[in-house]
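Comments concern the structure below.
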Amino acid sequence: MDIIVCIKRVPQTAEAEVSIDSTGKSIQKDRLTFDMNESDTYALEEAVLLKEKFEGNITVLSLGYPDTDDTLRIALAKGADNAIRIKAENFENPDAFQTAQILKSVIKTINFDIILTGCIATDDAYSQIGVTLAELLEIPHAALVIKVDANEQRTHVHRELEEGLIEHLDIKLPALLTILTGINEPRYASLIAIRRAAKKEIQQLGKENIELEDLVINSVIEELYVPPVTKQVEILTGSPSETATKLAGIVKEKGLI
Amino acid sequence: MKDKKNLTTEINPEIRDILVEMGAEDIYKCYQCGKCTSACPWFQVEIYDYPVYKFSLETALGAVASSEDKKELEKEIDLIYRCVGCEACLDQCPHGISTPNILRAARRLLVDFGSYPEILKSTVQKIHNVGNPFGEHRENRADWAKGLNVPDYQQGMEYLYFPCCLPAYETRNQKIAQATVGILQKCKVSFGILGVKETCCGEVIRRIGAENIFEEVTKSNIKEFENSGVKKVLVTSPHCFTTFKNEYPDFGADFEVQHTTQYFSHLIDTGKLKIDKSFYKKVVYHDPCTLGRKNKIYEEPRNILKNILGLEFLEVENFNRNLSVCCGAGSGGLWLEWEKEERIVNVRLKQLMDTGADIIAVTCPYCLQMFEETLKSMDADIKVMDISEIIFECL
Ligand code: SF4
Ligand code: SF4
């Protein structure tokens, strides 16, 4: 079974103090630690578990700056066979849709049975890339997957929905799954694997190496700001439809749409 | 838990060479006598079998943390992170081998590949991000000093007092910093603090193996000290002491460091610190590994306690000075959770309580925290106090 795992190197901000940088469009990164996006580590582990079961090949793929090589190397040490970095420096701050288009251009040149991604990146929290990528590749997908039970043609998956509801799906491969944290226990890398990974080449793809259609840009970051602290809080009560009606009324009344 | 390694481990000389480069050069000196194993505090935790003597040989074979089996590897990495860096092994080793340094070499490689306990990752990230391991806000760093009239350090002052993180933020530990400045003020010592500009000394991140971040923190601290014109630093924590004194000079630091017990002992001997009140309590002194074994400061804390009227000074029989047993907090141990019956702190607390003391005197914020936290869940009639607090009570 050939598996592609899309990963992202992100600043670890869950417990950090974050401030906006001088461009007003990004955050200050000098005191932040970078690591593989949390749910991507679970996607990678799920890939390694599938490989242990079915054999095959794992390719990790990331659109990132040169320091992303460190993260790709960690993925190699934890069980991936090949790593590809698409040079982010060749693209101007791609949004989620563009990122998915770029990933698609590369993925269509690789054989795969299954693509795994994390379900959300902890930096921009878009949660879009996996599902958009599946649509662009015209393959079935399941998001927020908490259990994978695959054979070589199909996979049975559990998706975790609101209030603990679990949806069971049976999906034909090739398919894309976005993986939730907690689905497995990501492994450590052994020193032997670390040595092996250190020697592997990470394929570097620039814009010139990728056959790209014209990129569609859907969103541009204009400004980042910390929400001002306001004193006005109104808690809406009632059934979901009552509160939704009240909310719609407020939004209209304040001229927000 | 027994360590039984299955034979999924490969032998790999290349790993040995890298680990030697990262600080494990002692491995070749080991002749497998096993003295280190019996000196290690884990040896006294009867339920747990910690094979200290094996680490040199395994590293020399390049067969450390090398299992390809997921569960087996977890056990190996668990072993690497159990070491509390107390150096009891080094103290007893006939060939002067530092097992914690050997293990730290492996930790460095593991950290680079994100293969270490999550809780320690978070500790490293927080120190890197906000300058303390608890993720507390920088601007609250000097809150402990509110209302105590403690000036910011200015050029020309004799001492910079550096409480470091636990005494800066943790409520119980703040009392050490407060008592310390009380004593300094009483003795009219010229001193100030860096306040919100203070950042963790970084000792724990180095012990965890995050060498790059340690270097970044160290360089920025040295710059801060230089910019402020600091020449002498007075520290509460033996961990800051050893890092500033023995490790910062490698990065260009040029300042003098004193532990508060050294300074207070000197002030008593020279008549500048007069302890007026009596303290009719039985007090046992716990030598912290980093102050004692590592830096050979054994007598100053004892000198202080023996100068207090009424205080009955007790030693832990056999296990004092260089034979003191670690509280379990070093090298990241404060953050790691072990099964209740597998904790080093229980061994040490039992030894201390068996002396019949009313009070355990400590000189390290980690020890204070470790003992206090553990005593909360015990029905014990014993208190823990830092020596600064005892002095302050007697002024
Ligand atoms: S005491 Fe020293 S020489 Fe003996 S086994 Fe331990 S490390 Fe090796
Ligand atoms: S430093 Fe302490 S805990 Fe670590 S191996 Fe040596 S004796 Fe054991």
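Structural remarks
- Residue in segment B:379-388 that is part of a helix (DSSP H, G or I) and modelled with pLDDT under 95 present: no
- Condition met for A:Phe54 (aromatic (Phe, Trp, Tyr) and within 12 Å of another protein chain (Cβ to nearest Cβ)): no
- On inspection, B:Cys30 fails the criterion of being open to solvent by less than 30 Å² (accessible area, probe 1.4 Å), within 14 Å of ligand 2 (Cβ to nearest atom) and over 19 Å from A:Lys199 (Cβ atoms).
- Unmet criterion (only one of (1) within 13 Å of chain B (Cβ to nearest Cβ); (2) among the β-branched types (Val, Ile, Thr); (3) open to solvent by 50 Å² or more (accessible area, probe 1.4 Å)) for A:Ile20: (1)
- Of the residues in segment B:43-57, at least one is in contact with a Phe, Trp or Tyr (Cβ under 7 Å, 6 or more places away or on another chain) and within 10 Å of ligand 2 (Cβ to nearest atom).
- Looking at B:Ala39, B:Ala65, B:Ala105, just one residue is over 25 Å from B:Cys327 (Cα atoms) and hydrophobic (A, V, I, L, M, F, W, C), and that residue is B:Ala65.
- Residue match in segment B:160-173 (condition: assigned to a helix (DSSP H, G or I), open to solvent by 10 Å² or more (accessible area, probe 1.4 Å) and within 12 Å of another protein chain (Cβ to nearest Cβ)): no
- Any hit, segment A:32-45, residues being under 24 Å from A:Arg154 (Cβ atoms) and of a type in the set (Gly, Ala, Ser): yes
Residue-wise test of (1) within 14 Å of ligand 1 (Cβ to nearest atom); (2) open to solvent by 20 Å² or more (accessible area, probe 1.4 Å); (3) modelled with pLDDT of 95 or more.
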position	(1), (2), (3)
B:Asp49	no, yes, no
B:Glu87	yes, yes, yes
B:Ser115	no, no, yes
B:Gly131	no, no, yes
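- When the residues of segment B:140-151 are filtered to those that are open to solvent by 30 Å² or more (accessible area, probe 1.4 Å) and within 25 Å of the chain's Cα centre (by Cα), the one that is nearest to the other protein chains (Cβ to nearest Cβ) is B:Asn140.
- Of the residues making up segment B:62-71, at least one is within 16 Å of ligand 2 (Cβ to nearest atom) and either crowded, with 21+ Cβ neighbours inside 10 Å or modelled with pLDDT under 95 (or both).
- When the strands (runs of 3 or more DSSP E) confined to segment A:164-213 are screened for residues that are touching a Pro at 6+ places or on another chain (Cβ under 8 Å), those reaching at least 1 such residues are found at A:166-172, A:175-179.
- Residues of segment B:355-369 that turn out to be surrounded by 22 or more Cβ atoms within 10 Å (Cβ to Cβ) and either part of a helix (DSSP H, G or I) or basic (Lys, Arg) (or both), as a count: 4
- Selection of segment B:57-79 for residues being over 15 Å from B:Arg16 (Cβ atoms) and among the β-branched types (Val, Ile, Thr) yields only B:Ile77.
- Segment B:343-353 - residue that is open to solvent by 20 Å² or more (accessible area, probe 1.4 Å) and touching a residue at least 12 places away in the same chain (Cβ under 8 Å) and, of those, farthest from ligand 2 (Cβ to nearest atom): B:Met353
- Selection from segment A:151-184 of residues that are open to solvent by 60 Å² or more (accessible area, probe 1.4 Å) and under 18 Å from the mean Cα position of the chain (by Cα): A:Glu160
- Residue in segment B:385-392 that is open to solvent by 30 Å² or more (accessible area, probe 1.4 Å), among the charged types (D, E, K, R) and not assigned by TED's automatic domain parsing to the domain that holds B:Ile208 present: no
- Any helices (runs of 4 or more DSSP H) falling wholly within segment B:32-138 and containing at least 1 residues that are more than 14 Å from chain A (Cβ to nearest Cβ), more than 21 Å from the chain's Cα centre (by Cα) and of a type in the set (Lys, Arg): B:35-39, B:52-60
- Selection count, segment A:66-80, where residues are surrounded by fewer than 24 Cβ atoms within 10 Å (Cβ to Cβ) and outside any helix (DSSP H, G or I): 3
- Condition check for B:Val84: more than 16 Å from ligand 2 (Cβ to nearest atom), in contact (Cβ under 8 Å) with a residue 60 or more places away in the chain and in the same structural domain as B:Asp26 (by TED's automatic domain parsing): no
- Looking only at segment A:75-106, residues that are within 14 Å of chain B (Cβ to nearest Cβ) and touching a strand residue (DSSP E or B) at 6+ places or on another chain (Cβ under 6 Å) come to 4 in all.
- Subset of segment B:154-186 [at pLDDT 95 or above and closer than 19 Å to B:Val217 by Cβ]: B:Leu160, B:Phe162, B:Pro163, B:Cys165, B:Leu166, B:Pro167, B:Ala168, B:Tyr169
- Residue among A:Phe54, A:Phe91 that alone is over 30 Å from A:Gln153 (Cβ atoms), of a type in the set (A, V, I, L, M, F, W, C) and touching a residue at least 12 places away in the same chain (Cβ under 8 Å): A:Phe91
The values are calculated or read from the model by the stated rules, or taken from the named source; none is laboratory data. Everything numeric in this text was worked out from a predicted model, so none of it was measured. FYI the Cβ positions are ideal-geometry reconstructions off the backbone, even for glycines, and counts take in every protein chain you see. Accessible surface areas use protein heavy atoms only, side chains included; no ligands, DNA or RNA. Shrake-Rupley method; radii C 1.70, N 1.55, O 1.52, S 1.80 Å.
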